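> To start, I am sharing the structure in question, which I have written as structure tokens.
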Amino acid sequence: MGMAYSVAFFGVSWPDRVVKSRLIKWLLRGPVTASLTLALVTIVRRAGDVLGGNPYTALVPIVMIVTILLSEFMITLFFPKLEQWLLFGNDQTELLQLRALEERLLTRSDLGQFLEMVLAAICDQLQAPGAYIVSKNSDDFDLVIQTGNLKDLPDLKDQFQDYLEENPSLTEMSVWQKDVIFPLIDGGDSPAVVGYLGIHNIDHQMLLEGEVMASVNLLLHRAAIAVRDRAVQEQMFRTLEQLDPQVDMIQQLRAAGRYDRQAMLLDDEAFEGKEMTSWIKDALTHYWGGPKLTENPLLQLHVVQSELKNHENNGANALRSILKQAIEKLRPEGERKYTGEWILYNILDLKFLEGKKVREIAMRLAVSEADLYRKQRVAIDAVANEIVHMEVERKEQENSEEI
């Protein structure tokens with residue numbers, strides 16, 4: 001399991017916790033379930049052989065199916081608790097809140113469904129032909145939902161917005177044209193109007209009845225909670241969108257730093273240049289000649305241009321030299337070995353510089369071909385990081401010479 005974990009983690013930008021969770025779940029649903037099913041089926045067959053002389057009874061497929069179904073059900077039921085116990089550690093409270101967030105989020109469809117039920121209940125209570133809810137934003141009003149016969153409402157939207165703008169401090173019931181308007185007030189620590197609920201074409205005198213007004217106030221309160229929570233969640237989504245790029249960069253730094261500690265010193269731009277990694281892969285693929293080397297965009301790098309004078313202005317040879325230097329910087333000190341410390345350098349040297357076949361390299365490094373391709377991606381990323389270092393150093397040198 002330790003070996004499988006180290007292979008699964010190699011170069012992956014997921015958190016350690018996620019990799020372990022996926023690995024444990026795969027082991028439980030795969031090897032563990034298969035082994036348990038095989039064991040029980042074997043026991044049933046041997047029991048049938050001893051008791052009835054026929055090992056292939058109807059119980060064999062039944063036991064097999066029931067074992068698989070029960071195993072999968074038990075894993076689904078108890079794995080969250082197992083995950084909390086094994087993986088969450090001191091972060092259990094935060095991670096459980098994140099898990100619960102998905103179930104508690106109120107989407108636009110959820111909000112519309114709930115508010116539609118609120119409006120239907122209000123129309124039933126007041127025998128109104130229709131009702132609608134408008135949410136209040138910082139500088140605008142949005143029609144959230146409407147129900148009933150309100151064909152004229154879209155045409156009256158601008159007039160209604162003008163009415164609300166003329167009465168910004170509207171905190172009590174008011175009458176606009178044939179509609180009764182109620183403010184939706186957030187009942188938190190600092191009460192504020194989050195929207196308005198309009199009831200179309202009713203006699204507002206009937207709202208003076210105590211029992212009817214109590215029911216309406218309850219429904220208004222619930223509508224206000226829903227509109228407020230949705231506004232809070234939209235703000236949270238905007239914050240998450242701003243965090244995404246930074247979180248991605250941190251995960252990439254963490255993955256790269258596990259096998260190349262110098263990667264932690266890279267500028268942010270080094271992790272935004274996905275194209276450079278692709279260019280380097282192309283150049284390495286045609287390392288000994290080909291259009292992917294001779295026409296590669298990397299030829300425009302300052303560090304490559306400065307190398308031209310050492311190769312008779314031959315761009316391909318200059319780029320080949322820079323690639324070789326970057327690969328050599330990944331070489332650990334000491335005599336060459338075929339251990340984990342040397343794996344990135346060995347892959348680059350055997351695959352691109354010596355031109356060995358994938359199967360031969362995998363056998364020499366004692367890894368599967370699938371793992372080899374995964375590690376090859378990490379190795380190419382490491383070369384890209386080294387070339388970024390070289391390019392930055394060259395630019396700094398040119399700037400100092402100009403000064």
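> With each pseudo-label sitting 7 Å past Cα toward Cβ, what's the MET213-GLU172 distance in nm, one decimal?
Inter-label distance under the simple model: 1.0 nm.
> Measure up LYS356/LYS395; LYS292/LYS329; LYS20/LYS324; LYS309/LYS329; LYS281/LYS395; LYS20/LYS337 against 32 Å on the Cα-Cα distance and list the ones that go over.
From LYS356/LYS395; LYS292/LYS329; LYS20/LYS324; LYS309/LYS329; LYS281/LYS395; LYS20/LYS337, over 32 Å: LYS356/LYS395; LYS20/LYS324.
> Sticking with this structure for a sec: What is the extension gain from ALA192 to GLU354, computed as 0.36 nm multiplied by their sequence separation minus the C-alpha to C-alpha distance, in nm to one decimal?
Stretched out fully, the ALA192 to GLU354 stretch lengthens by 51.2 nm.
> Given a Förster radius of 22 Å and the C-beta distance between ILE75 and ARG17 as r, what FRET efficiency does 1/(1 + (r/R0)^6) yield to the nearest 0.05?
It comes out at approximately 0.75.
> Calculate the spin-label point distance for SER109 paired with ASN54, positioning each point 7 Å from the Cα along the beta-carbon direction, and give it in nanometres.
My value for the distance between the label points is 5.1 nm.
> Within the stretch 319-363, which chymotrypsin sites (Phe, Trp or Tyr not before Pro) sit in a loop by DSSP and count at most 13 neighbouring Cβ atoms inside 10 Å?
Listed in order of number, the matching sites are TYR338.
Bear in mind that the values in this text are calculations on the coordinates, not laboratory data. The structure displayed is predicted, hence computed values, not measured ones. Cβ atoms come from the backbone with ideal geometry, glycine included; neighbour counts cover every protein chain shown.
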